[in-house]
Amino acid sequence: MQTFKNTAAAPIVLQIADRIVENRAYLSEIDGKIGDGDHGVNMAKGFGIAAERLKGQDMTLGKSFDLLGSVLMNEIGGSMGPLYGVMFTEFGEKLEGQDDIGPDTFSAMLHAGLEGIQSIGSAKVGDKTLLDALVPAIEAFDGTIASGASFGEALDKLVEAAETGRDSTLNLVAKIGRSARLGDRSLGVLDAGATSCAIILKELSLATKDRLH
């Protein structure tokens, strides 16, 4: 069975941070169409702060996620900080004490993050939020593993499902948050949270695949 090491895996979080910072303008542009336009700025700020603190550190992936979660929860504004903050904090807690991370542990980590988000918000799939990318991605990962496929193949399916879920938000009416006030005018625009979630999951998957053995 394919696994990867929890130790010295802080570069995975650095890779995710680089991609979020790179997409700062794009995420804010999307958010500006139906939200307040600060999603990319806030995300880049939080991930950038965490990356600075992680550079050169010989930290486990679990500890790195915990640090990132803490920064997002406590040091950035906007509505997404607490949601992603709790997700990454839960990721970190689930990996605590794990040496080798296999597909079962990876799935448990994803589910813990999802449950954390659901514990502080009322959104569900179809409400035009990050859950439209996250939930199908987790389901695709679990389904692929259950079919007997490899960890690497399941990560590919996770990315595909996250991006399909992201794209599905084009045809959804926002039910939660600032954009919900627009009603049908929120149609035809991607959700910024689902877009950033798809970016995060893709980078997490690519960085994980590079470490599988």
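Take every Cα-Cα distance within segment 98-209, group them into 10 Å bins from 0 onward, and report for each bin the whole-number percent of pairs it holds.
In whole percents, the pair-distance histogram is 16, 44, 29, 10, 1.
Gaussian network model of the chain, Cα springs within a sub-10 Å range: biggest mean-square fluctuation belongs to which of Ser70, Ser147, Ser119?
Among Ser70, Ser147, Ser119, the largest GNM mean-square fluctuation belongs to Ser147.
Is the shape of segment 30-88 rounded, prolate or oblate, going by the alpha carbon gyration tensor and its root eigenvalues a ≥ b ≥ c, with a/c under 1.5 for rounded and a/b larger than b/c for prolate?
Values: a/c = 3.01, a/b = 2.08, b/c = 1.45.
Because a/c hits 1.5 or more and a/b exceeds b/c, segment 30-88 counts as prolate.
So how long is each side of segment 1-104 along the principal axes, counting just the alpha-carbon atoms, biggest first, in Å?
Extents along the principal axes: 44, 26, 26 Å.
Rounded, prolate or oblate: which one fits the chain, using the alpha carbon gyration tensor with axes a ≥ b ≥ c (rounded when a/c is under 1.5, else prolate when a/b beats b/c, else oblate)?
oblate
Under 18 Å from the Cα of Lys124, which lysines turn up, not counting those fewer than eight places away in the same chain?
Correct list for Lys124: Lys175.
Order these by the 10 Å Cβ neighbour count, fewest first: Asp99, Asp127, Asp132.
Numbers: Asp99 10, Asp127 20, Asp132 28.
Ordered from fewest to most neighbouring Cβ atoms within 10 Å, Asp99, Asp127, Asp132 come out as Asp99, Asp127, Asp132.
Among Val159, Val41, Val13, rank each residue by its count of other Cβ atoms within 10 Å, from fewest to most, as a rough exposure measure.
Ascending number of Cβ neighbours within 10 Å: Val41, Val159, Val13.
What full-extension length gain, to one decimal in nm, is calculated for Ala25 and Ser150 as 0.36 nm per residue of separation minus the Cα-Cα distance?
41.4 nm
Mind checking the dipole of the chain: about its Cα centre, +1 per Lys or Arg Cβ, -1 per Asp or Glu Cβ, Debye to the nearest 20? Working shown, then result.
Details: 20 positive and 30 negative charges, 96 e Å.
The dipole of the chain has a size of about 460 debye.
Ranked by Cβ crowding within 10 angstrom, fewest neighbours first, how are Lys55, Lys175 ordered?
Lys55, Lys175
Throughout, read-outs are computed from the coordinates displayed, never taken from laboratory work. Given the structure is predicted, the values throughout are model-derived calculations rather than measurements. Note that each Cβ is placed from the backbone with ideal geometry, even for glycine, and that neighbours are counted across all protein chains shown.
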